[in-house]
Amino acid sequence: MPTCAEISDVHYLSVGRTPGFPTTTAVNADQEPMMTSTITPDTSAAVDISDEEQQFNDLIEADSRIEPRDWMPEGYRKSLVRQISQHAHSEIIGMQPEANWITRAPSLKRKAILMAKVQDEAGHGLYLYSAAQTLGATRDDMTNALIAGKARYSSIFNYPTPTWADMGSIGWLVDGAAICNQVPLCRASYGPYGRAMVRICKEESFHQRQGFEILLELMAGTEEQREMAQDSVNRWYWPALQMFGPPDDDSPNSAQSMAWKIKRHSNDELRQRFVNMLVPQAAVLGVTLPDPDLHFNEETQQWDLGEIDWTEFHEVLAGRGPNNAQRLQRRRDAHEDGQWVREAAAAYARKQSALTTTLETAAS
Amino acid sequence: MTTPGDSAAETWPLWEVFVRSNRGLSHVHVGSLHAPDETLAVRNARDLYTRRSEGVSVWVVPAVAITTSDPDAKGAFFESPAGKNYRHASYYSKSEGVKHL
């Protein structure tokens with residue numbers, strides 16, 4: 001179970017390490033002639049790397065961080081822009097399934113909590129968009145790609161939230177899976193991404209706990225409330241497991257991402273870790289996880305899970321999930337309805353700064 | 001050279017945000033945001049970066065106003081302190097064992 005303490009340690013570790021990394025330039029200069037003399041002609045491409053590429057490789061090798069102005073391979077940049085912007089879009093689209101319950105929350109306290117949580121998701125989206133921008137992507141381009149349906153976001157947010165118990169399941173299962181995925185990303189090799197993740201992880205732990213509490217309270221309620229909680233867990237369990245992405249042998253980008261130390265663990269590894277944490281938590285709640293094949297493997301000391309329906313995952317990802325169209329339409333409407341506000345604010349700011357300039361010129 | 005992430009192609013300019021977490025501490029860079037002007041930049045910064053009492057004071061600076069060191073000269077530019085370890089107290093070892101030094 002990732003705790004706040006663990007997250008903070010990671011934070012201090014990376015902060016402390018960054019300024020102190022040893023300069024490797026001198027070492028490279030010494031090694032270069034030696035390397036060229038020992039390498040055969042057919043592998044000359046391998047030595048034929050620039051000083052800057054060497055420096056990039058050394059930084060990755062030393063587990064240091066790459067910062068915005070550093071040289072980086074085009075593939076690294078593209079891969080990060082794709083991952084970070086998809087992540088940002090997921091946070092923004094992820095506001096919708098929960099916003100659905102703000103007006104219908106069972107109490108004022110629950111309403112206030114839900115609003116704070118949805119506001120956090122907006123904040124997370126903004127941290128991540130900023131991180132992607134340091135790589136040269138523009139906010140407007142990313143938003144346009146999302147509303148044009150050209151960008152991807154996590155498939156989980158295309159499922160509906162018909163009952164209040166879904167607020168519990170989203171917090172416990174969806175945010176729980178997200179934390180599991182995101183804690184290792186705090187150590188991602190790209191500095192701005194890691195820093196955004198540290199901030200996000202600290203806030204996510206509140207999300208997960210409040211979700212757990214909603215389910216716990218329902219499970220301590222009437223028969224009808226217990227059924228509602230169980231039904232919700234049944235619907236969210238499998239999609240939450242799919243959040244970790246396709247199995248390792250079907251995840252083309254994973255190996256490169258791990259070599260670049262953007263990702264630290266494989267999809268299956270993280271999924272396994274998540275299920276191992278989930279089983280005892282489900283026992284505390286008194287809910288059943290909807291997998292008849294789930295059993296403890298004495299040999300590996302892990303929980304073996306049943307077959308995941310990857311056809312469903314790919315269908316939802318391809319835009320054919322229960323709520324894909326509605327989620328995108330809402331996002332598009334919100335963006336288009338806000339167009340005049342953004343333009344008016346920009347025009348007002350231009351006018352004000354022109355006025356200030358005029359006054360200053362007059363005064364001098 | 002301005003800060004990374006700034007682009008004239010955006011509807012609203014980019015601002016860098018600095019937060020003082022407590023009295024007695026300096027403002028520390030926490031991230032960036034878009035806003036049409038400085039008034040809204042400060043308000044957005046409050047909403048985005050201090051939702052859990054992370055700050056008692058906020059600075060916003062237009063990203064275009066920040067000048068950074070030349071990235072191409074990265075090594076050389078910071079080389080001057082190298083080999084000047086006499087700038088550190090630990091260089092002076094002969095006083096070892098002498099109290100209050």
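Observations on the structure shown:
- Residue-by-residue Karplus 3J(HN,Hα) for region B:87-98, coefficients 6.51, -1.76, 1.60, Hz, glycine and proline x: 7, 9, 4, 5, 5, 8, 9, 5, 7, 4, x, 7
- Aspartates and glutamates with Cα under 13 Å of residue B:99, excluding same-chain neighbours fewer than 8 positions away: none
- Accessible surface buried by the A/B pair amounts to about 2100 Å², both sides summed, 1.4 Å probe.
- Using Cβ point charges alone (K and R +1, D and E -1), the dipole size of region A:165-241 about the Cα centre works out to roughly 660 debye.
- Residue B:77 accessible area, 1.4 Å probe, all protein chains in place, Å² to nearest 10: 130 Å²
- For region A:63-157, radius of gyration divided by Kirkwood radius, i.e. Rg to Rh on alpha-carbons: 1.09
- Taking amide hydrogens as placed 1.01 Å from N in the peptide plane, the amide H of residue B:57 sits under 5 Å from those of B:20, each at least 5 positions away in sequence or on another chain.
- Shape call, region A:110-208: gyration tensor on alpha carbons, a/c limit 1.5: oblate
- If you take all other residues with their beta carbon under 9 Å from the beta carbon of residue A:97, and give Lys and Arg +1 and Asp and Glu -1, the sum is -1.
- Counting only Cβ charges, +1 for Lys and Arg and -1 for Asp and Glu, the dipole size of region A:66-160 around its Cα centre is about 360 debye.
- Theoretical FRET efficiency, 1/(1+(r/R0)^6), r = Cβ-Cβ of residue A:102 and residue A:288, R0 35 Å, to 0.05: 0.75
- Across the cross-link table entries A:117/A:150; A:111/A:150; A:202/A:261; A:117/A:261; A:78/A:150; A:111/A:202, which are compared at the Cα atoms, the separations over 24 Å belong to A:117/A:150; A:111/A:150; A:117/A:261.
- Note on residue A:107: accessible area is roughly 50 Å² with a 1.4 Å probe, heavy atoms of protein only.
- Across region A:181-254, the mean sequence separation of Cα contacts (distance under 8 Å, 6 or more residues apart), normalised by length, yields a relative contact order of 16 percent.
- 0 to 90° range, to nearest 10: angle between helix B:38-49 axis and chain B longest Cα axis: 70 degrees
- Hull volume per residue, based on the alpha-carbon atoms of region B:1-96 and their convex hull, is 141 Å³.
- Karplus-derived HN-Hα couplings along region A:88-99 (A = 6.51, B = -1.76, C = 1.60, θ = phi - 60°), whole Hz, x at Gly and Pro: 4, 4, 4, 5, 5, 5, x, 5, 5, x, 8, 4
- Taking chain A and dividing mean pair separation by its residue count, relative contact order in percent (alpha carbons under 8 Å, at least six apart): 18 percent
- Accessible surface of residue A:153 - all protein chains present, 1.4 Å probe, nearest 10 Å²: 30 Å²
- Near residue A:122: Cβ cut-off under 13 Å, other residues only, Lys/Arg at +1 and Asp/Glu at -1. The net charge is -3.
- Dipole magnitude (debye, nearest 20) for the protein assembly as shown, charges at Cβ of Lys, Arg, Asp, Glu: 2020 debye
- Overall, the accessible surface of the protein assembly as shown at a probe of 1.4 angstrom is composed of carbon and sulfur to the extent of 56 percent.
- Backbone HN-Hα couplings from phi across region A:197-212 [Karplus 6.51/-1.76/1.60, Hz, Gly and Pro as x]: 5, 4, 4, 5, 4, 4, 7, 5, 5, 5, 4, 5, 5, 5, x, 4
- With one equal scatterer per alpha carbon and no solvent term, the Debye-computed log10 I(q)/I(0) for chain A at 0.06, 0.08, 0.15 1/Å reads -0.29, -0.49, -1.36.
- Relative contact order computed over region A:92-175 (Cα-Cα under 8 Å; 6+ residues apart), in percent: 39 percent
- Summed over the residues of chain B and divided among them, the accessible surface reaches 68 Å² per residue at a probe radius of 1.4 Å.
The values are calculated or read from the model by the stated rules, or taken from the named source; none is laboratory data. Since the structure is predicted, the reported quantities are computational estimates derived from the model, not experimental observations. Cβ: placed from backbone, ideal geometry, glycine included. Neighbour counts: every protein chain shown. The accessibility values were calculated without ligands, DNA or RNA, using every heavy atom of the protein model including side chains. Shrake-Rupley method; radii C 1.70, N 1.55, O 1.52, S 1.80 Å.
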